[in-house]
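What follows is a short report on a single structure.
The values are calculated or read from the model by the stated rules, or taken from the named source; none is laboratory data. Because the structure is predicted, anything quoted here is derived from the model rather than measured. Using ideal geometry, Cβ is built from the backbone for each residue, glycine included, and neighbour counts are taken over all protein chains shown. Protein only, heavy atoms only, side chains kept; ligands, DNA and RNA dropped before computing areas. Shrake-Rupley method; radii C 1.70, N 1.55, O 1.52, S 1.80 Å.
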Amino acid sequence: MTREQTELLQGTLDMLILKSLALGEMHGLGISRRIEQITRGTFQVKPGSLFPALHRMEEEGWLEASWGESENNRRAKYYRLTKAGKRQLETETQRWGRISLAIERALEA
Amino acid sequence: MRRRRADAELDEEVRGYVEMLAEEKIRNGIDAQEARREAKMEVGGVEQVKEQTREIRAGHFLETLWQDLRYGARMLRKNPGFTIVAVLTLALGIGANTAIFSMVDWATLRMPPVAKPEQVASLIAEDTYGGWDDGFSYPDFADIRSQSTAVFSDVAGAIIFAQDGLSADGNNEPIWTNYVTGNFFQTIGVKPALGSLIQPLPGNSADDESVLVLGYAYWKEHFGGDPRVIGKSVLINGHPVAIIGVAPAGFHGITSLLDTQGYLPLGMAAVTSDATKDFLTNRKASTGLTIITRLKPGVALTSAQPVLKVIGQRLSAQYPSTDKWKNLMAFALSPTGPVDDPQSDSIVKVISALFLILAGLVLILACLNVANLLLARAFGRQREMAVRAAVGGARSRLVRQLLTESLLLALLGCVAGIALGSVASRFMGSINIHMTIPLILDFQFDWRVFAYAFGVAALTALLVGITPALRATRGDLNNLLHENARTATAGSFRGRSALVIAQVGGSLMLLIVAGLFVRSLWNAEHANLGFDPSNVVNFTVDPHQAGYNEAQSREFLKTLLPRVSALPGAETAALAATVPMGGIHYGAELKIDGYQPSPGEDVHAGYNAVSPRYFETLRIPLLGGRVFLDSDNEKSPRVAVINEAMAEKYWHGEDPIGRNFALADNPQNPIEVVGEVKNSRASHVAGPINPYLYFPLTQKYDYQESVTLQLRTHLPLATANREVLGAIHSLAPVMPVLEIQTMTEALDTINGLLLYQFGAALAASLGILGLALAVVGVYGVVSYGASQRTHEIGIRMALGAQPAQVLTMIFRQGIFIVSSGLVAGILAAAAIARLVGNFLSGVSPVDPLTYISASLLLAVIALLACYIPARRAMKVDPMVALRYE
């Protein structure tokens with residue numbers, strides 16, 4: 001896999017995670033399910049890529065985590081957006097908008 | 001710790017995910033067992049997921065660190081002026097700390113290289129007078145050794161620091177030796193560099209083999225490091241011994257402060273010196289044996305104490321006339337060697353703490369300067385940071401990056417500081433202690449010093465970086481982009497002023513402490529010593545080192561004195577066993593007719609043994625009676641001359657002439673007081689003068705002791721040296737002269753002025769450093785403030801303000817900073833003064849003169865630093881200023 005591809009894929013996953021957390025805090029499985037739901041099943045995120053991404057984004061300062069109770073009274077780690085994360089989502093959204101517009105135009109030409 | 005928790009949390013998180021997935025499937029109607037299996041399959045291995053996550057975390061950390069380092073290095077390269085000033089400032093601070101810490105390390109931390117030093121302890125007896133006795137007789141040692149096998153695996157003894165003469169190939173040189181029991185090296189666990197060490201023999205009798213182990217440095221210096229010395233025969237005090245080995249490099253004996261140059265078997269002490277002739281059998285022996293023990297593995301020092309206490313009680317009950325002990329105890333080996341007085345040990349620690357605090361203060365001042373520079377830059381970078389934050393840079397991430405930058409600065413400062421510090425400590429190590437003792441002033445940098453320097457640097461990075469980093473990243477983009485440069489920095493000025501006020505305060509505190517030390521030195525140098533040291537030259541000889549016996553020694557000295565006195569240019573000459581402020585002091589317990597000591601009182605006086613014209617030579621005035629005469633000799637009745645303090649204390653101001661007293665260990669021989677002289681100082685230039693007395697050299701002189709010939713003369717030093725050495729060597733061609741110095745030089749010893757000089761020099765250096773740093777700080781903030789107000793000044797001048805008014809305006813700011821700093825500094829100095837007070841002579845720790853003059857000095861220099869930017873502001877051209885933006 002070349003570097004550009006990784007970054008693109010990583011960037012996409014990051015954006016989806018940020019987007020899915022925009023409405024409120026969620027645990028890992030919740031985020032997976034939410035991404036599936038908002039992409040209508042196009043993306044299925046496996047724990048092997050989900051957890052590394054969550055932890056990296058936490059390090060980056062975009063996410064904050066805390067332990068809470070799940071719907072079945074199980075202890076679960078909940079993630080939520082920080083201020084920096086919200087700003088990051090905005091930038092990513094704009095950037096994605098520009099890229100997809102450009103690609104769309106390129107393909108239509 | 002943190003990592004383990006993070007790991008456990010990760011585990012719980014991933015496992016929780018699997019469980020929840022399974023529960024989800026169960027809710028969808030899948031059988032529980034099947035649901036779990038499917039969930040596990042989908043996740044694809046809990047451990048694998050965890051591993052991938054961990055890798056990402058670690059990789060991410062390293063990657064950002066590398067990014068930050070590269071970015072930081074680029075920023076520092078882009079502003080070479082800033083970088084150089086900041087690194088140099090930090091280097092001064094870190095260098096001062098490293099240099100002082102290297103001394104503290106030397107004095108309190110560097111252990112002698114013995115095996116498992118934590119098991120090694122020395123013994124001290126607390127005597128019935130409340131004093132401490134660390135010298136034991138050989139019979140005491142043998143008893144303690146045989147009775148303490150329950151707690152000690154071995155007990156060794158050593159007469160430490162005997163002064164002998166070693167003659168090899170026709171040269172006679174002084175050598176500082178230890179006389180050690182055969183198990184000494186085995187007990188402390190030291191291996192030879194060459195040959196063999198002294199071996200355990202059955203008992204320690206006078207028939208011990210006549211062998212010598214050389215100290216490593218002595219071997220290098222006097223024998224050129226020649227391995228063929230093994231087996232060589234040399235003379236110790238005229239007695240033949242064979243060199244059998246060399247002690248390892250870095251091992252200086254049981255102390256790391258003094259260098260032991262040779263080791264001899266204990267039994268030889270009875271042969272090489274008459275003073276210790278009956279040493280092995282006499283429980284009353286005046287020469288003390290230092291007892292070194294090794295605790296059995298697993299036995300704590302505290303559990304040895306009760307055992308020793310019982311032994312001590314048993315021995316003092318058995319031998320009440322010699323073993324006057326209240327308690328016998330063990331002290332862990334300290335870097336200064338066996339603890340001889342538990343109190344003096346803590347003084348070293350207080351001095352160390354004091355100078356570490358002062359050096360720390362210098363570092364804080366340096367840090368404040370650099371923080372100030374960074375803060376100025378931080379406001380410049382606020383916009384850069386705000387923009388980066390706007391595109392998703394988390395604040396913690398930006399702070400970390402700025403901190404990495406200051407860490408880089410601190411590391412550069414640390415490297416430069418270590419270089420500066422090692423120059424400074426080499427310089428301090430080269431001071432002349434004016435004593436013949438082999439003091440090791442080697443403040444070499446070991447791992448502890450480096451660790452300290454890097455620790456200090458890390459702390460510095462945080463101290464210097466955190467405020468600017470927080471400030472730089474605080475900005476809100478919207479506000480910032482709309483503000484102009486001037487208003488954006490208005491708030492910064494207050495913060496920077498506060499830092500400079502702290503700086504002026506800290507610097508004043510350093511100056512005041514330096515002032516107190518300098519005043520104290522001045523007092524010490526001008527103290528009335530009670531004798532006149534000018535125009536006196538001292539020559540120290542020790543005839544027993546040339547193999548002289550008692551009769552030969554006495555004859556030599558008796559012939560030498562008239563010859564020297566008759567030299568052209570000699571005013572008077574005298575012989576004395578000790579020199580004021582010198583390294584050797586004698587004292588004795590007394591029994592005084594008609595004096596009733598209070599219970600537990602130690603009837604004690606220091607003494608010197610002198611020839612008749614001693615008082616004339618040192619110009620110590622006679623108050624009553626007479627001085628010694630040539631007729632006071634071995635055969636005549638014993639006499640003494642006493643000082644005022646002794647007359648006051650033991651005869652309550654009544655005329656002491658004609659009264660009798662005796663030495664407590666020789667009560668049958670009364671001594672008559674024949675004269676009283678004025679008080680003079682034998683050791684320490686400050687503090688009370690204690691009872692002191694003088695014996696005729698002919699009556700109280702142990703020929704093993706060194707003797708100093710003191711000559712009062714107006715001859716140039718070189719001429720006097722030549723003449724006196726000629727006289728000595730015409731009588732005794734191989735007589736070693738241990739020391740030649742003027743009496744004035746001889747005052748600069750550890751017991752005299754040296755510590756005052758050292759303290760004053762050290763405190764003054766730190767004070768000057770602090771002053772320089774504070775002046776730079778004041779200058780920086782005032783000129784920055786003035787430049788920020790250029791626009792305002794332009795308007796004011798355009799509206800008709802006079803240059804003088806502008807000057808006052810800028811100055812007012814400086815005066816506010818300086819005066820606030822002065823108040824803070826005076827309060828801080830008064831707080832630390834209590835700690836300093838113990839080391840001052842004749843000056844109060846809150847001495848108003850020192851406080852006022854230090855404040856004035858700082859105020860004048862700091863206001864001069866304000867004057868330069870104020871003048872510049874005054875010359876502002878309104879037109880230029882108004883366009884300035």
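Key figures for this structure:
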{"read-out": "Given (1) touching a Gly at 6+ places or on another chain (Cβ under 6 Å); (2) modelled with pLDDT of 90 or more; (3) in a loop (DSSP other than H, G, I, E, B), number of the condition residue B:581 does not satisfy", "value": "(2)"}
{"read-out": "Residues located in segment B:161-172, provided they are of a type in the set (D, E, K, R) and buried (at least 20 other Cβ atoms within 10 Å of the Cβ)", "value": "B:164"}
{"read-out": "Residue pairs meeting the criteria (Cβ under 7 Å; at least 6 apart or on separate chains; first closer than 16 Å to residue A:71 by Cα and assigned by TED's automatic domain parsing to the domain that holds residue B:11, in segment B:22-45; second surrounded by 18 or more Cβ atoms within 10 Å (Cβ to Cβ) and of a type outside the set (Asp, Glu))", "value": "B:22/B:35; B:22/B:36; B:22/B:39; B:25/B:35; B:25/B:39; B:26/B:35"}
{"read-out": "Condition check for residue B:688: assigned to a strand (DSSP E or B) and surrounded by fewer than 16 Cβ atoms within 10 Å (Cβ to Cβ)", "value": "no"}
{"read-out": "Top-ranked residue in segment B:307-324 [being over 34 Å from the mean Cα position of the chain (by Cα) and open to solvent by 60 Å² or more (accessible area, probe 1.4 Å); ranked as modelled with the lowest pLDDT]", "value": "B:321"}
{"read-out": "Looking only at segment B:756-768, and only at residues there that are out of contact with any Ser or Thr (no Cβ under 9 Å at 6 or more places or on another chain) and in contact (Cβ under 8 Å) with a residue 12 or more places away in the chain, the one that is most open to solvent (accessible area, probe 1.4 Å)", "value": "B:768"}
{"read-out": "Residues of segment B:640-662 satisfying the condition of being part of a strand (DSSP E or B) and either of a type in the set (Phe, Trp, Tyr) or open to solvent by 10 Å² or more (accessible area, probe 1.4 Å) (or both)", "value": "B:660, B:661"}
{"read-out": "Residue count, segment B:519-576 (criterion: part of a helix (DSSP H, G or I) and among the acidic types (Asp, Glu))", "value": "3"}
{"read-out": "Qualifying position, being farther than 20 Å from residue B:57 by Cα, surrounded by fewer than 20 Cβ atoms within 10 Å (Cβ to Cβ) and within 11 Å of another protein chain (Cβ to nearest Cβ), among A:36, A:59, A:71", "value": "A:71"}
{"read-out": "Residues located in segment B:64-85, provided they are over 11 Å from residue B:404 (Cβ atoms), surrounded by 11 or more Cβ atoms within 10 Å (Cβ to Cβ) and modelled with pLDDT under 85", "value": "B:79, B:82"}
{"read-out": "Out of B:603, B:541, sole residue that is touching a Phe, Trp or Tyr at 6+ places or on another chain (Cβ under 8 Å) and farther than 22 Å from residue B:753 by Cα", "value": "B:603"}
{"read-out": "Hits in segment B:730-788 - residues which are closer than 30 Å to residue B:85 by Cα, touching a helix residue (DSSP H, G or I) at 6+ places or on another chain (Cβ under 7 Å) and β-branched (Val, Ile, Thr)", "value": "B:775, B:776, B:778, B:781, B:782"}
{"read-out": "Selection count where residues are within 20 Å of residue A:61 (Cα to Cα) and either basic (Lys, Arg) or within 14 Å of chain A (Cβ to nearest Cβ) (or both), scope segment B:67-78", "value": "2"}
{"read-out": "Which numbered condition residue B:56 misses (of (1) over 30 Å from residue B:759 (Cα atoms); (2) of a type outside the set (Asp, Glu); (3) surrounded by fewer than 17 Cβ atoms within 10 Å (Cβ to Cβ); (4) in contact with a helix residue (DSSP H, G or I) (Cβ under 6 Å, 6 or more places away or on another chain))", "value": "(3)"}
{"read-out": "Matching residues in segment B:603-628 - criterion: being surrounded by fewer than 21 Cβ atoms within 10 Å (Cβ to Cβ) and part of a strand (DSSP E or B)", "value": "B:604, B:606, B:622, B:623, B:624, B:625"}
{"read-out": "Index of the failed condition, residue B:130 passing every other in (1) at pLDDT 90 or above; (2) among the small types (Gly, Ala, Ser); (3) farther than 20 Å from residue B:765 by Cα", "value": "(1)"}
{"read-out": "Scope segment B:106-146; condition in contact with a Leu (Cβ under 7 Å, 6 or more places away or on another chain) and among the acidic types (Asp, Glu); matching residues", "value": "B:140, B:143"}
{"read-out": "Out of B:109, B:123, sole residue that is open to solvent by 60 Å² or more (accessible area, probe 1.4 Å), out of contact with any Asp or Glu (no Cβ under 6 Å at 6 or more places or on another chain) and away from every other protein chain (no Cβ under 14 Å)", "value": "B:109"}
{"read-out": "Any hit, segment B:9-21, residues being among the small types (Gly, Ala, Ser), free of Cβ contacts under 8 Å to residues at least 60 places away in the same chain and under 24 Å from residue A:69 (Cα atoms)", "value": "yes"}
{"read-out": "Hits in segment B:629-639 (condition: open to solvent by less than 80 Å² (accessible area, probe 1.4 Å) and not β-branched (Val, Ile, Thr))", "value": "B:631, B:632, B:633, B:636, B:638"}
{"read-out": "Per-region count, segment B:368-397, residues among the polar types (S, T, N, Q) and under 24 Å from residue A:83 (Cβ atoms)", "value": "2"}
{"read-out": "Residue in segment B:16-28 that is most open to solvent (accessible area, probe 1.4 Å), counting only those that are part of a helix (DSSP H, G or I) and more than 10 Å from chain A (Cβ to nearest Cβ)", "value": "B:26"}
{"read-out": "Residue A:77 open to solvent by less than 30 Å² (accessible area, probe 1.4 Å), within 11 Å of chain B (Cβ to nearest Cβ) and of a type in the set (Lys, Arg)", "value": "yes"}
{"read-out": "In segment B:33-66, residue nearest to the chain's Cα centre (by Cα) [restricted to those that are acidic (Asp, Glu) and within 8 Å of chain A (Cβ to nearest Cβ)]", "value": "B:55"}
{"read-out": "Only listed residue being among the aliphatic types (A, V, I, L, M) and either modelled with pLDDT under 75 or not assigned by TED's automatic domain parsing to the domain that holds residue B:327 (or both), chosen from B:275, B:300, B:304", "value": "B:275"}
{"read-out": "Meets criteria (open to solvent by 20 Å² or more (accessible area, probe 1.4 Å) and touching a residue at least 12 places away in the same chain (Cβ under 8 Å)) for residue B:359", "value": "no"}
{"read-out": "Residue satisfying all of: in segment B:132-160; assigned to a loop (DSSP other than H, G, I, E, B) and open to solvent by 40 Å² or more (accessible area, probe 1.4 Å); nearest to residue B:283 (Cα to Cα) among these", "value": "B:134"}
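Table: residues versus (1) more than 8 Å from chain B (Cβ to nearest Cβ); (2) under 23 Å from residue B:14 (Cα atoms); (3) under 13 Å from the mean Cα position of the chain (by Cα).
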| site | (1), (2), (3) |
| --- | --- |
| A:28 | no, yes, yes |
| A:41 | yes, yes, no |
| A:51 | no, yes, yes |
| A:89 | yes, no, yes |
| A:103 | yes, no, no |
